[in-house]
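Read through the structure below, which is laid out as structure tokens, and then see the notes.
The values are calculated or read from the model by the stated rules, or taken from the named source; none is laboratory data. Owing to the predicted nature of the structure, the values given are computational and were not obtained by experimental measurement. Because the Cβ atoms are built from the backbone with ideal geometry, glycine has one as well, and the counts that use them run over all protein chains shown.
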Amino acid sequence: MVERDPENQEAAVLATLARGVERDGVLNDEAWKSLAEQFPLNPVARAGSGWTRTHAGQIQAARAEFEQALALDPSLPWAKQGLVLALKARNPVYALLLRFFLWFSRLPTRTRTYVLIGGVLGYNFLRRTARAEPELKPFITPLLIAYAGFVVLSWLSDPLLNLVLMARFEGRRLLAPDEKRGALLVGACLALAALLGGIAALSPWKSADLSAFGVGFTSFAVTAAYNRKGQKRTQLQVLAAVAFCSSLAAGILPQQFAGVGLAIAILCIVLGTWMSHFGEDRPRLSRADIS
């Protein structure tokens, strides 16, 4: 159809989208840029051009394209998501993470799995090496800290920056309701963890540090839940709730049971973050669907 009528906007956009599906979602940079130049008043074409510039690391140019797309169609989700990313990428640390994960997403699924497993195995190997060879510890410790920091940032940078965006009207307008809820819950977990940590340091309630540790890491499970939808999110929310309650219980229970409470919380957090990588987002069934 495009060959017969090259001026047909809908046909050209659909054909470009179809080629992206055939390439497993990998965008054709030149095709989208050409489409945006040919149809500058088409919001989907401008959004597609913005995403290709995002993948190329041209954040300012991408932001301009997303803003143009939203000016043409304020309700276009693809452009809203892109503009949110562009606004977050003003933070240089997030910009580096974004570049990494955009590159990582283009790798084959099996390769991504190998990289994730390799990272965990490499971390454990270096930690054991540092214990066995104390003279190497000064060199290995920075690597372990860097890896741990990367893991924390990779999980929590999105909800934390969503919190920052929510402080401004522009950010609140662009963020979806789920993104706002997830950000607020993650922020609440971290704030409560900091409060419990302060109580443990300044009061006789020393076991509050167990609750602080568990509640702080529950933010990982909350983030995992709000990265999914439907029944999968419900399952992960249950695990996050159990982790949260077990973490609080660890600070209240007698000493001989406190470790069990914290262990349950950690198990739920690990299970939730692991499960978030697998399965499909199936919609919840309503009563009307069942009847």
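Brief remarks on what is shown
Each row is one residue, and each column tells you yes or no for (1) outside any loop (DSSP other than H, G, I, E, B); (2) touching a helix residue (DSSP H, G or I) at 6+ places or on another chain (Cβ under 8 Å); (3) of a type in the set (D, E, K, R).
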{"position": "Ala69", "(1), (2), (3)": "yes, yes, no"}
{"position": "Ala86", "(1), (2), (3)": "yes, yes, no"}
{"position": "Thr113", "(1), (2), (3)": "yes, no, no"}
{"position": "Leu121", "(1), (2), (3)": "yes, no, no"}
{"position": "Asn124", "(1), (2), (3)": "yes, no, no"}
{"position": "Arg127", "(1), (2), (3)": "yes, yes, yes"}
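- Tabulated pairs, the range 58-79, first more than 12 Å from Ala45 (Cα to Cα), second modelled with pLDDT of 85 or more and not in a helix (DSSP H, G or I), C-beta under 9 angstrom, 6+ apart or interchain: Pro77/Ala176
- All of Leu76, Leu102, Leu107, Leu83 fail the test of being surrounded by 19 or more Cβ atoms within 10 Å (Cβ to Cβ) and of a type outside the set (Asp, Glu), apart from Leu83.
- Filter pass, Leu102 being modelled with pLDDT of 65 or more, in contact with a His (Cβ under 6 Å, 6 or more places away or on another chain) and under 27 Å from Glu179 (Cα atoms): yes
- Within the range 88-97, considering residues that are without any contact (Cβ under 8 Å) to a residue 40 or more places away in the chain and in a helix (DSSP H, G or I), the one surrounded by the fewest Cβ atoms within 10 Å (Cβ to Cβ): Pro92
- Single unsatisfied condition, Gln255 versus (1) modelled with pLDDT of 90 or more; (2) out of contact with any helix residue (DSSP H, G or I) (no Cβ under 8 Å at 6 or more places or on another chain): (1)
- Options Leu202, Leu156, Leu126; residue that is under 24 Å from the mean Cα position of the chain (by Cα) and either of a type in the set (A, V, I, L, M) or assigned by TED's automatic domain parsing to the domain that holds Ser247 (or both): Leu156
- Considering the range 166-253, the qualifying helices (runs of 4 or more DSSP H), each wholly inside and each with 3 or more residues that are buried (at least 20 other Cβ atoms within 10 Å of the Cβ), in contact with a Gly (Cβ under 9 Å, 6 or more places away or on another chain) and among the hydroxyl-bearing types (Ser, Thr, Tyr), run over 208-226.
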